[in-house]
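Contents: one structure, followed by commentary.
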């Protein structure tokens with residue numbers, strides 16, 4: 001059925017998008033470990049989708065510079081990379097300088113978006129390796145999805161079950177939280193905040209007063225402002241998942257739970273967050289307790305090294321960010 005076909009393709013597209021987003025986040029931290037795992041994952045996917053026999057060129061007896069995957073039977077190479085510069089293109093095709101690979105084809109699969117390659121590089125590759133259309137040798141997620149879409153419904157379902165289902169089911173909002181926590185912890189360790197730096201604005205100060213924030217919570221929130229920029233710069237996909245988990249799945253239920261003692265739940269569950277905040281303000285809800293409950297709720301949703309106190313600090317940064325942009329606490 002068409003509906004089942006498109007639903008499965010959408011699930012595969014979601015997994016590919018999540019992989020792309022996580023690679024982008026890891027790159028910001030100079031962590032390339034996911035790139036290595038991606039080679040093995042896409043090896044299996046390419047073999048299924050294109051009916052090929054790729055093996056990892058960096059294992060066994062085949063250790064070819066600048067090449068990741070090799071199919072000896074079909075005489076093909078693939079370089080799997082996040083690097084989009086001209087140097088990567090030239091290095092990938094260098095393998096063809098070896099006469100034993102004269103009949104091989106070389107492809108570059110970009111884990112992120114493929115580049116707009118200059119006419120100069122296209123001409124260089126054409127003249128040196130007789131590649132008439134370099135663009136056909138440069139692939140990314142969009143090209144892979146087009147190929148997947150051309151498969152039969154049965155093959156698409158089989159592909160999803162074999163290679164995407166486990167990742168799809170494992171990916172949750174908690175993974176986005178975990179990614180952000182890891183990013184923040186690394187940022188703590190690599191960044192020095194000037195002793196006299198002050199990231200608190202007049203509006204933030206007023207909001208702290210408006211919500212009757214205690215000195216202890218005040219200290220945690222204000223220290224978290226130092227790192228809010230990292231959260232604001234997150235890729236949209238992770239930012240959306242983080243907000244969904246932090247505000248919709250944790251903060252809103254906690255706040256509503258405090259209000260249920262005052263207002264019928266049937267009325268509360270249909271309210272907007274602005275309305276919920278209005279009721280909370282009118283009934284003098286203690287936002288210090290709400291915020292501490294939120295911190296505990298987020299803590300329970302991550303895998304953490306209990307010896308690393310930076311986990312708590314990272315969660316306070318997330319709370320600070322949403323407090324500052326008025327998703328947590330009343331604003332008027």
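What the table below lists for this structure:
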read-out	value
Hits in the range 245-268 - residues which are farther than 17 Å from residue 324 by Cα and in contact with a helix residue (DSSP H, G or I) (Cβ under 7 Å, 6 or more places away or on another chain)	245, 249, 250, 254, 255, 256, 258, 259, 260, 263, 268
Residue list for the range 108-122, filter: in contact (Cβ under 8 Å) with a residue 60 or more places away in the chain and out of contact with any strand residue (DSSP E or B) (no Cβ under 6 Å at 6 or more places or on another chain)	111, 112
Residues that are surrounded by fewer than 18 Cβ atoms within 10 Å (Cβ to Cβ), assigned to a helix (DSSP H, G or I) and free of Cβ contacts under 8 Å to residues at least 40 places away in the same chain, drawn from the range 259-278	265, 266, 267, 274, 275
Qualifying position, being in contact (Cβ under 8 Å) with a residue 60 or more places away in the chain and buried (at least 16 other Cβ atoms within 10 Å of the Cβ), among 285, 231, 254	231
Qualifying residue in the range 19-37 (condition: surrounded by 15 or more Cβ atoms within 10 Å (Cβ to Cβ) and modelled with pLDDT of 85 or more)	no
Condition met for residue 36 (outside any helix (DSSP H, G or I) and either touching a residue at least 12 places away in the same chain (Cβ under 8 Å) or within 28 Å of residue 158 (Cβ to Cβ) (or both))	no
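The values are calculated or read from the model by the stated rules, or taken from the named source; none is laboratory data. Computed from a predicted model, the values in this text were never measured in an experiment. Neighbour counts are summed over all protein chains in view; Cβ atoms, including those assigned to glycine, are modelled from backbone coordinates with ideal geometry.
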